[in-house]
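What follows is calculated from the coordinates using simple rules that are stated; it is not laboratory data. Because the structure is predicted, anything quoted here is derived from the model rather than measured.
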Amino acid sequence: MPFSGYLVFRGEFGLFWVGLAGAFGCVVGSVPAYYLGLYGGRPLIEKYGKYVLVSRHDLDIADRWFERYGDWAISSAVFSRGSHFHIISCRVAKETSRFIVYTFVGSFPWCLG
């Protein structure tokens, strides 16, 4: 995104289209993590999460966050500590379409920024 922002600054790309492409890329990149979280669940994350810097403490915080805010937590996870909570959020939304929509809604403003 930083290089794309530079190209927007130079006038070679439009900001809206760069943000849209970035958000699309975020969604495409998040879908494999969604299925990993959906089918592996918490046990998989607890076992292998240390390799992507996700601890049990992170899981507990994320569980409380998602219980409080529901699916909207997926959108806000994009703005949190990087991909950690977003990976965890993959196991919360049980419908792929809802996950994609909330991921896009959170990614688009982030990519515009």
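A compact table of results
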quantity: Gain upon complete extension [residue 98, residue 6; 0.36 nm per residue less C-alpha separation]; calculated: 29.9 nm
quantity: Gained length - residue 16 relative to residue 44, 0.36 nm times residue gap less alpha-carbon distance; calculated: 6.4 nm
